[in-house]
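Below: the structure, in structure tokens.
What follows is calculated from the coordinates using simple rules that are stated; it is not laboratory data. Model, not experiment: these values are computed from the prediction. Here the Cβ positions follow ideal geometry from the backbone for every residue, glycine too, while neighbour counts run over all protein chains shown.
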Amino acid sequence: MPNIAEFHPQIVHFIVVLGFVGVGLRILSLVVKVDWFKPAATLTLLAAATAGVLAARSGSEAHGPAERIPGAREAVQEHEELGERARNLFLIVAGFELLALAVRKREKARRMALVGSAAAGVVAAFFLFEAAEHGGRVVYGYAGGVGTRSGDPADVKHLLVAGLYNGARADREAGDTASAARLTEELARQMPEDFGVQLLAARSQLVDLHDPAAAMAALDRMQVPPDNARMALQAGMLRSDAYVAMGQADSARAVLEQLTLQFPDNPMVKRVVGEASAKLP
């Protein structure tokens with residue numbers, strides 16, 4: 001059988017939607033006299049059971065890379081166990097639904113089968129929710145599968161870049177500016193041609209290392225696109241901040257005035273420059 005590990009994120013969305021909708025329809029079909037609820041619930045729950053089998057299988061095939069992430073093994077295993085329980089319970093639900101179809105001419109037996117389906121469905125929905133919650137924790141808490149699912153080295157680099165960027169932000173907010181500077185420096189090494197990353201590195205020189213001269217030197221090495229107002233504004237604002245940190249308020253004001261002259265009709269430039277100018281000493 002083909003390996004379907006890479007389709008796990010898509011498949012789990014089907015089981016989540018089909019499972020909850022199917023259980024809801026089955027409960028409603030027992031208390032509300034709407035004819036189409038009953039066949040809709042049967043169809044949806046049978047589809048949910050099928051999706052559950054595929055979700056559990058694809059998850060088992062995909063768990064290796066996530067489980068090998070340091071510290072993630074227990075979370076991955078809990079997610080896998082909950083997913084298997086949800087699958088098994090939805091198979092039981094599907095069994096009740098098929099039983100109801102088999103005894104459809106015996107109303108009392110059919111209703112008992114449907115009540116059994118609803119009861120098992122509620123339990124199945126609980127474990128489905130838990131499996132989904134733990135799956136989210138694996139993905140968003142441990143980066144399980146992020147950057148590694150496709151096997152593309154470029155995606156792994158995206159993961160590294162995201163980790164460096166968010167790690168630097170977290171360290172800066174925690175007051176560990178030395179660590180923030182180190183992570184930002186590595187980020188700049190990973191993406192030397194990215195203008196936004198160059199700006200982040202220059203700002204780190206100013207904010208994390210308190211070295212406005214180094215920030216200014218980094219800005220001098222950049223090639224700012226002359227027709228890109230947003231990039232020019234970001235670089236200009238950083239240059240102005242560096243001048244202020246160096247005690248050269250007049251130079252900072254001149255930079256801001258130049259931005260206004262360069263983009264006279266740009267409302268974003270006018271607003272940001274106006275706010276910055278008002279704060280200059």
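Just to be sure I understand: with springs between alpha-carbon atoms less than 10 Å apart, which residue in Ala217, Ala235, Ala86 has the highest mean-square fluctuation in the Gaussian network model of the chain? Maximum fluctuation in the GNM of the chain, among the listed residues, is at Ala217. The count of lysine pairs in the chain whose Cα atoms are under 21 Å apart, excluding pairs fewer than 8 places apart on the same chain, comes to 5. Taking square-rooted eigenvalues a ≥ b ≥ c of the alpha carbon gyration tensor, is the stretch 1-151 rounded, prolate or oblate, where a/c under 1.5 means rounded and, failing that, a/b exceeding b/c means prolate? It comes out prolate by the Cα gyration axes. Taken about its Cα centre, the stretch 201-281 carries a charge dipole of about 140 debye when Lys and Arg each add +1 at the Cβ and Asp and Glu each add -1 at the Cβ. Helix content alone sets the calculated 222 nm mean residue ellipticity of the chain: runs of n ≥ 4 DSSP H residues at -39500 (n - 2.57) each, divided across all residues, give -26500 deg cm²/dmol. Taking label positions 7 Å along the Cα-Cβ direction at both Asp194 and Leu159, the computed distance is 1.6 nm, reported to one decimal.
Quick one: dipole size for the chain, taken about the Cα centre, charges +1 on Lys/Arg Cβ and -1 on Asp/Glu Cβ, in debye to the nearest 20.
On the way: 29 positive and 31 negative charges, 343 e Å.
I would put it at about 1640 debye.
The alpha carbons of the chain stretch over 91, 42, 33 Å along the principal axes, in descending order. Principal-axis analysis of the Cα atoms of the chain puts helix 107-136 at an angle of about 20° to the longest axis. Relative to the longest principal axis of the C-alpha atoms of the chain, give the angle of the C-alpha long axis of helix 73-102, reported between 0 and 90° and rounded to the nearest 10°. With both axes taken from Cα atoms, the answer is about 40 degrees.
Using only side-chain charges placed at the Cβ, +1 for Lys and Arg and -1 for Asp and Glu, the dipole size of the stretch 14-164 relative to its Cα centre rounds to 880 debye. Across Gly144, Gly52, Gly175, mean-square fluctuation computed from a Gaussian network of the chain (C-alpha pairs under 10 Å connected) peaks at Gly175. Any chance you could check the Cα centroid distance between the stretch 1-64 and the stretch 184-231 for me, in angstrom? Answer, in whole Å: 49.
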